[in-house]
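Working notes, structure below.
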Amino acid sequence: MSDPAVDTRQQLYAVRPSAFVDARKAVAAALRQAGRTVEVRAVLRLRKPSPTLWATNQLARLDPKRLAAFLESVGRARDAQLRDPPGAATALREQRRQLEALVDRASALLDAEGHPVTLAARQRMSNTLLGAAVDRSFADDLRQGRLGVELAAPGFEVLSGVASGERLHVVHGRRGPSASAGKREEERRARDEERLRRRREAEELARAAAARQEAVDTLTREVEDLARRFAAARGRLRDARRTARTAAAAARRARGLRP
């Protein structure tokens, strides 16, 4: 039998972030009217998900097969690190391929909803997917699209199957697990934003250059067509003049033959 509280959380995390607060109030009001005060408190404690967390949760609804394949690929990569080192590289490549595809899908969803798809946003979704994949309690929530927190990426020792003795850090908003780590994360995000800005500027310049080149090519074709038409017209003019001269000569000869 399903847990009503879990089902409610899953239902709310399917709602767009912009509508989350109103949806949470409506659910809480319905539960209060039904006398389910304990569930009301649980619902009101649910935090509004960030756009990146919301998009990550939607993968359970939009692409559950790929999400399951990614979670399995992480497990295979960890096993390979311990039992099949030669095959570990192949397993890790498959894991990265599945992860990149999921981040692309979530990024497309963010873009469709009008949220900026920055390198930092992609990294946060990637970190959360990896973090959930190596922790069973988080993985279950991710599979059901009800993950309530963003996660930091696990360290190498976790991905390689070696127990670290620590649970994963939860990322609240844009703060890291510590002040210094948070500062480093902000600096990294700033660098990522700058690289993204420069890449977009380069792409804009490239598009502008391509548009100008296309205009040049179009004008070149028009000039070449005009040149061909002009050459053809000159040929017709020469023929017409030649015909006219022949006709005039014939007329003169005709006049000279008259009695």
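Every read-out reported here was derived from the displayed coordinates using simple, explicitly stated rules and does not represent laboratory data. Bear in mind that the values here come from a model prediction, so they are computed numbers and not experimental data. All Cβ positions, even for glycine, are placed from backbone atoms using ideal geometry, and neighbour counts span all protein chains on display.
The figures follow:
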quantity	calculated
Cut-off 11 Å between beta-carbons: net charge of the residues surrounding A60, Lys and Arg +1, Asp and Glu -1	+2
Global geometry of the range 1-48, whether rounded, prolate or oblate, following the gyration tensor of its Cα atoms and the 1.5 cut on a/c	oblate
